[in-house]
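Single-structure report; data block below.
The values are calculated or read from the model by the stated rules, or taken from the named source; none is laboratory data. Please read these numbers as outputs of a predicted model, since none were measured by experiment. When we count neighbours, we look across all protein chains shown, and the Cβ atoms used for this are built from the backbone with ideal geometry, even at glycine. Ligands, DNA and RNA are stripped out before the accessible areas are found, and what is left, the full protein with its side chains, is counted by its heavy atoms. Shrake-Rupley method; radii C 1.70, N 1.55, O 1.52, S 1.80 Å.
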Amino acid sequence: MNNYEAVLIFKPDMSDQDRTELFDRFKAVIEENGEVTNVDDWGKRRLAYEINYIREGYYYIVEFKSEPDHIREFERRLRLSDFIIRYMVIRKED
């Protein structure tokens, strides 16, 4: 298993409950074939630049362990979500 870090930026107009439920679904996707080691909730922050007229986003930083093949499925599900503005998954050095 490799160590990864993901940055997820949610739309700011989501309710706290909806955002938590959606984040838990993404966390469950990771846990299907991996292990979440740390979640850092940064809260609502101003974006560096506007994305489709959106100026703020709700940030989560997730550290996890997973097999490399499973990352493709995780990113596919992130890409399909209408509530994720941007995401980035990187492999961390051991």
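Using helices alone, I'd like the mean residue ellipticity at 222 nm for the chain: each DSSP H run of four-plus residues gives -39500 (n - 2.57), total over residue count, nearest 500.
-10500 deg cm²/dmol
Determine which aspartates and glutamates satisfy two conditions relative to K44: a Cα distance under 12 Å, and not lying fewer than 8 residues away in the same chain. Partners found: D13, D16, E56. For K65, the lysines whose Cα falls under 25 Å of its own Cα, not counting residues fewer than eight places away in the same chain, are K27, K92. In the stretch 2-91, a dipole from Cβ-located charges (positive for Lys and Arg, negative for Asp and Glu) runs towards its positive end, and of N52, I71, I85 it is N52 whose Cα lies farthest in that direction.
For the chain, with all protein chains present and a 1.4 Å probe, just round the carbon and sulfur fraction of the accessible area to a whole percent.
The value for the chain is 43 percent carbon and sulfur by accessible area.
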